[in-house]
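Q: Pasting a structure here, questions to come.
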Amino acid sequence: MSRLTRRNFLQVSAGLVALSGVAATPSTAETSLDEETLATLIDCTRCDGCVDYDVPLCVAACRERALSRIPDPVNPIPPLFPRGMIEDWSTRKDVYDRLTPYTQLFVQRADIPEDGGIRTVYLPRRCMHCDNPPCATLCPFTANHKYPDGSVVIDPDLCFGGAKCRSVCPWSIPQRQSGVGIYLEIMPTLAGNGVMFKCDLCHDRLLNKQLPLCVEACPRDAMVIGLRRDIIKEAERRAAATGGYLYGLTENGGTGTIYLSPVPFEEINKVVEKGPGRPHFDKVSRRPARASLMETSVLMSPVIGMGAGLTAAMLAVRNRGIKKGGGESDD
């Protein structure tokens with residue numbers, strides 16, 4: 001993450017003030033599906049959870065990337081005023097059985113009673129990369145973006161860790177690491193609480209025509225990425241050929257992650273462990289991706305006030321420096 005300077009702080013603050021007219025604009029997040037849009041098929045009839053390894057290979061590859069990209073938090077992490085929950089995973093980086101900032105992909109295990117026995121299904125879980133993601137539309141700092149290639153990406157240089165993205169995500173995917181990010185440079189006890197992290201579909205690798213690391217690492221070809229229209233056809237073909245079941249085609253209005261399972265997802269949802277960092281497999285109807293006028297006003301009022309106040313304060317400091325004959329620096 002890049003260091004916030006006095007100059008680009010003014011640019012960020014000006015952007016916060018402008019958000020009052022941007023956050024509710026559908027075009028900022030409702031990216032139309034076009035020829036470039038990708039999707040991933042996760043074939044759970046092929047995934048064996050890498051039971052012969054300490055950590056599933058897809059998880060290990062994803063974690064290595066995340067560990068190299070997330071800075072260590074400040075110590076101590078500033079307390080929040082009047083109060084708020086600090087989420088610090090930096091001392092629990094080895095947790096890989098749920099989503100965390102450092103584990104943006106994990107493998108759920110579903111043990112389903114069947115014919116007097118147990119059938120085990122392994123399900124790699126990560127961001128669903130929704131076609132019309134509410135997390136991107138409702139982020140008050142416009143730090144979350146839906147790209148034409150289908151990836152939904154949080155910009156760590158703009159995120160304040162407010163967790164609105166997690167609260168509007170049907171699966172509560174994004175995870176927070178406190179003590180990192182630009183909020184530390186502004187008002188660390190009053191504005192923000194870190195940075196939200198989640199799978200970004202290895203967006204940087206996609207730009208370089210490379211596969212996401214999880215897809216590349218899978219030894220059983222249980223993950224396939226390709227043009228969305230082709231992936232949908234392949235998912236439907238495999239489901240028809242095996243009598244399987246699909247999840248992600250229509251959930252939340254459609255997603256870029258399609259699961260194929262040999263058993264109904266209603267049965268899977270009954271047995272998987274659910275809770276913080278452990279998403280469900282319930283049916284999800286589409287949530288409106290645009291904020292109502294009231295919701296936008298509630299979301300934006302503190303942001304606009306903070307942005308305007310901080311901009312005014314910084315301008316005053318700058319003008320005082322100019323009057324004294326001093327100049328502006330990037331420190």
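Q: When a/c reaches 1.5 or more, the comparison of a/b and b/c decides; with that in mind, is the range 25-290 rounded, prolate or oblate per its Cα gyration tensor?
A: Prolate shape, in that a/c is at least 1.5 and a/b is the bigger ratio.
Q: Now, a different point. Take Tyr102, Tyr96 and order them by how many other Cβ atoms sit within 10 Å, fewest up front.
A: Least to most surrounded, the residues fall as Tyr96, Tyr102.
Q: Per-residue counts of other Cβ atoms within 10 Å, averaged by peptide: what ranking do you get for 108-120, 270-282, 171-183, 143-155, highest first? All intermediate terms of the calculation are to be shown ahead of the outcome.
A: Values: 108-120: 12.8, 270-282: 16.4, 171-183: 24.2, 143-155: 21.3.
Averaged packing, sorted descending, gives the order 171-183, 143-155, 270-282, 108-120.
Q: Once you have the Cα-Cα distance between Arg92 and Lys283, take 0.36 nm times their residue separation minus that, and quote the gain in nm to one decimal. Don't skip to the end; give the middle numbers.
A: Details: separation 191, 0.36 × 191 = 68.76 nm, distance 3.15 nm.
Fully extending the segment from Arg92 to Lys283 adds 65.6 nm.
Q: Here is a follow-up. For a Förster distance of 25 Å, can you work out the FRET efficiency between the beta-carbons of Val51 and Ala241, rounded to the nearest 0.05?
A: Working from the Cβ atoms, E equals 0.45.
Q: So how far, in whole Å, is the C-alpha centre of the range 131-150 from the one of the range 203-280?
A: When both Cα centres are located, 20 Å separates them.
Read-outs throughout are calculated quantities, based only on the coordinates presented, and are distinct from any laboratory measurement. Quick caveat, the model's predicted, so the values are computed rather than measured. We place every Cβ from the backbone using ideal geometry, glycine too, and count neighbours over all the protein chains shown.
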